[in-house]
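Following: one structure in structure tokens, then a few remarks.
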Amino acid sequence: MNIHPEISALVPEMMDWRHHIHAHPETAFEEVATSGFVAEKLRSFGLEVHTGLAKTGVVGVLRNGNGSSAIGLRADLDALHVHERSGVPYASRHEGRMHACGHDGHTTMLLGAAKALSRTKSFGGTVYFIFQPAEENEGGGRVMVEEGLFDRFPMRAIYGMHNWPRMPVGNFAMRAGPLMGAYDVFEIIVTGKGAHAAMPYTGKDPMLFAAHAISALQTIVARNLHPLDAGVVSVTQVHGGDTWNVIPQEVVLRGTVRTFKREVQDLIEERMRTIVAGIAATFDMTATLRYERRYPATVNAETETVHAIAAAAAVVGEEHVDTNPTPEMGSEDFAFMLQAKPGCYVWLGAGRGPETPNIHSPQYDFNDDALAIGASYWVTLAEQQLPTR
Ligand SMILES: [Zn+2]
Ligand SMILES: [Zn+2]
């Protein structure tokens, strides 16, 4: 393991920052204190600091030499609506909110890299340290791109990282092409005719629609997709009915669709519309489908993935870098940045063993043993991609 010497010296300080951020979690676009903490630290390291991008986003700029080359390194600031059950002494002091995805660790590692590089000046060009709000659900990454992130801060590539508790600490994984799925949501509202449940022939039972639709929607992946294409259709909510002896007027179904390819996403939406309309016609009811595309797939560029692999291998050794992991259908709003710029998103091993709680679990806590590894990766990547001449 090659922990960068400047990072080794920063570990106790990074742990303090991480625990402070962990104790004070803030959710989407409300990361005011977290964003203030980051901006204050970056200023104290001597960086030029820009605030207010996507409300609570922060960009720190570090230049060295006359080189015009620039890269962006990105972390996320937000927490989740989860009641923390980790039992750690620095557990959330904000009831109902928790850093259950490790963005406290991501923010800390990027701050550590900024401090180290501000001291060593071991690169030539510009590094943009990008701290984005609202990664969970609300697409803060998209808002940053829409508000001109890449126009205001021109860079040739963008890099992202997420801790991965299901992979042991001391490892990295990344691949060119899709690493995480596109995230869509849908809502089906079916309207029948409410009736006495003992006299169903006097009504039109929307429950029957729900039963048929849930089964039929599963045939899209099973019967319409190429067997080597990936897709998930999950109905996750069924709302209808209030009592035993009444057939309700209306039933609402909601759920999510995950895909890697645009063509597959289009196919699933089109088949859903046909199936919903078809079942509604069969039972003589009306049904509407609202289909919303939230996050695109996270797709890594070839060249930048080679660069990410080189930096990771320099830190943990080639044998600890998995360059062909099985992609996951979870989603990531770094995808919006990757649509606008070539780049690479990597998974940073954070597991303590098979029992490590996974991200989004109330028992989860970012693994502090990964702090130095992740921060060293950032520093090494900047040194390798922006060599001093
Ligand atoms: Zn998350
Ligand atoms: Zn996350």
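Residues in the stretch 48-107 that are of a type in the set (Val, Ile, Thr) and either within 16 Å of ligand 2 (Cβ to nearest atom) or in a loop (DSSP other than H, G, I, E, B) (or both) were compared, and the one that is nearest to residue 17 (Cα to Cα) is 107. Of all residues in the stretch 265-289, those that are closer than 13 Å to residue 210 by Cβ and modelled with pLDDT of 95 or more have Cβ atoms under 9 Å from Cβ atoms of residues that are small (Gly, Ala, Ser) and in a loop (DSSP other than H, G, I, E, B), 6 or more apart or on another chain, in 283/192; 285/192. The numbered conditions (1) touching a Lys or Arg at 6+ places or on another chain (Cβ under 7 Å); (2) within 16 Å of ligand 1 (Cβ to nearest atom); (3) not aromatic (Phe, Trp, Tyr) are all true for residue 64 except (2). Looking for something surrounded by fewer than 17 Cβ atoms within 10 Å (Cβ to Cβ) and either part of a strand (DSSP E or B) or in contact with a strand residue (DSSP E or B) (Cβ under 9 Å, 6 or more places away or on another chain) (or both) - is there at least one such residue anywhere in the stretch 1-13? No, every residue in the stretch 1-13 fails to be surrounded by fewer than 17 Cβ atoms within 10 Å (Cβ to Cβ) and either part of a strand (DSSP E or B) or in contact with a strand residue (DSSP E or B) (Cβ under 9 Å, 6 or more places away or on another chain) (or both).
How many residues are of a type outside the set (D, E, K, R) and within 16 Å of ligand 2 (Cβ to nearest atom) if we restrict to the stretch 119-143?
9
Any chance the stretch 186-196 includes a residue that's part of a strand (DSSP E or B) and either within 16 Å of ligand 2 (Cβ to nearest atom) or among the acidic types (Asp, Glu) (or both)? Yes, the stretch 186-196 contains at least one residue that is part of a strand (DSSP E or B) and either within 16 Å of ligand 2 (Cβ to nearest atom) or among the acidic types (Asp, Glu) (or both).
List, please: which pairs have Cβ atoms under 7 Å, are six or more places apart or on different chains, and start with a residue in the stretch 85-102 that is farther than 14 Å from residue 367 by Cα and end with one that is within 16 Å of ligand 2 (Cβ to nearest atom) and aliphatic (A, V, I, L, M)? Here the result reads 92/98; 97/79; 98/79; 98/80; 98/82, each pair linking the stretch 85-102 to a residue that is within 16 Å of ligand 2 (Cβ to nearest atom) and aliphatic (A, V, I, L, M). Screening the candidates 22, 94, 50, 81 for the property of being surrounded by 19 or more Cβ atoms within 10 Å (Cβ to Cβ) and within 23 Å of residue 138 (Cβ to Cβ) yields one hit, 22. If I ask for residues that are in a loop (DSSP other than H, G, I, E, B) and among the hydroxyl-bearing types (Ser, Thr, Tyr), which ones from the stretch 353-389 would you list? Result: 356, 361, 364, 388.
Identify all residues within the stretch 305-352 that are in a loop (DSSP other than H, G, I, E, B), farther than 19 Å from residue 295 by Cβ and either in contact with a strand residue (DSSP E or B) (Cβ under 7 Å, 6 or more places away or on another chain) or without any contact (Cβ under 8 Å) to a residue 24 or more places away in the chain (or both); write none if there are none.
Within the stretch 305-352, 325, 326 qualify.
Looking only at residues in the stretch 132-147 that are surrounded by 24 or more Cβ atoms within 10 Å (Cβ to Cβ) and in a helix (DSSP H, G or I), which one is farthest from ligand 1 (Cβ to nearest atom)? Applying the filter and picking the extreme gives 144. Taking residue 291, is it out of contact with any Phe, Trp or Tyr (no Cβ under 9 Å at 6 or more places or on another chain) and either in a helix (DSSP H, G or I) or closer than 30 Å to residue 57 by Cβ (or both)? No; evaluated as a whole, the condition is false for this residue. Evaluation of residue 238 against the conditions (1) assigned to a strand (DSSP E or B); (2) closer than 19 Å to residue 181 by Cα; (3) touching a Leu at 6+ places or on another chain (Cβ under 7 Å) shows that the sole unmet condition is (2).
The values are calculated or read from the model by the stated rules, or taken from the named source; none is laboratory data. Predicted, not measured: the structure shown is a model, and the values here were computed from it. We place every Cβ from the backbone using ideal geometry, glycine too, and count neighbours over all the protein chains shown.
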